[in-house]
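Remarks on the structure that follows.
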Ligand code: ACO
């Protein structure tokens, strides 16, 4: 760590947006060969939100972005970069991010989508931070938004009960820093991927391979087997890069796929369970949206405050995985 002056990407505000329709485990029992107990015990999920007519990834992303800007006390004209992390764009093209840009009335800067499935938000924060610290952008909207309900096979009970729709957004602004871990902003981020794991979690359609949208396919047990090791490896990298430890964290905000994966990862690295932000019960697995939805919930209820040290991490299709430490 140096003490040279530097630019940091500092969180100015977060916001979230969920579809209108909430679907409980009991609701699913009526159409899927499952039980509330099975879902709750194996995953910790009790509810998820499912997009209805007129609700798309871009409308949810725009709603979350507007709230994040309001929380930051900024108007849309401050924004010069929009990154939407999504595996479920409105259309094959143009990018969902450009739809959000138009909906917010922004005509300058750059907007693009980023595809890293459930790790998408960690990837997008990392990319936005690079734009900001190199001076290419001064104010970024980083959004995770998904409508996984549209790529689920509702006849496959091993996957359809696990996922939900939603969006979360974060405003990252350039601010001067000292280059130490006392600075506010993104302090470190670490991304990984290994494409050999495709068959464990993928969608069986796409514009070039099949000309269809396809459905999500997953061997849950195989994903589970790799998840804890991968995320704790990259979290360890984040601690090593900053000299911080689990005890220094105020909050651990993991990807919300499965409560058992979250708890096992935290336990392996000695993170106090009281520091874990969990929204998996409320939202299910919302892929790239899960971390910003959880961040927004914890900021809104007063848990995460300015100056707090927050670790985010995720693992998803690819496989992709990553972790970042942010001083709020
Ligand atoms: N309702 C009732 N029973 C079910 C259901 C269901 N919805 N789904 C499966 N079962 C049954 C199975 O048929 C099986 O029955 P059997 O023993 O008679 O064969 C039994 O439950 C156990 O099935 P498993 O797959 O072994 O259950 P497991 O304990 O592994 O839990 C789960 C499954 C929840 C999917 C778990 O493996 C998991 O969470 N994996 C990780 C998934 C994950 O995190 N995915 C997101 C990654 S991020 C991304 O990029 C999308």
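Some points to look at:
- Build a GNM of the chain with springs between Cα atoms under 10 Å apart, and of 288, 145, 209 the one that fluctuates most is 209.
- DSSP bridge analysis restricted to the chain gives an antiparallel fraction near 75%, rounded to the nearest 5.
- Debye log10 I(q)/I(0) at q = 0.09, 0.10, 0.20 Å⁻¹ for region 175-309, Cα point scatterers: -0.34, -0.41, -1.33
- Region 185-327: antiparallel DSSP beta bridges as a percent of all, rounded to 5: 80
- Equivalent-ellipsoid semi-axes of the chain, from the Cα gyration tensor, Å, largest first: 29, 23, 18
- Gyration tensor over alpha-carbon atoms, region 6-177, equivalent ellipsoid semi-axes in Å: 33, 16, 14
- Figure legend: label point modelled 7 angstrom from the Cα of residue 182 along Cα→Cβ; residues of region 288-327 with amide N under 17 Å from it are 307-309, 327.
- Taking other C-beta atoms within 10 angstrom as a stand-in for reagent exposure, 91, 202, 49, 123 fall in the order 91, 202, 49, 123, fewest first.
- Between residue 92 and residue 260, the contour length at 0.36 nm per residue exceeds the Cα-Cα span by 57.1 nm.
- Label separation (residue 29 vs residue 107): 5.5 nm, computed from points 7 Å beyond Cα along the C-beta direction.
Readers should treat all values here as calculations from the given coordinates under stated rules, not as data from a laboratory. As the structure is a prediction and not an experimental result, all values here were calculated from the model. With ideal geometry, Cβ positions are generated from the backbone for all residues, glycine too; neighbour counts draw on all protein chains shown.
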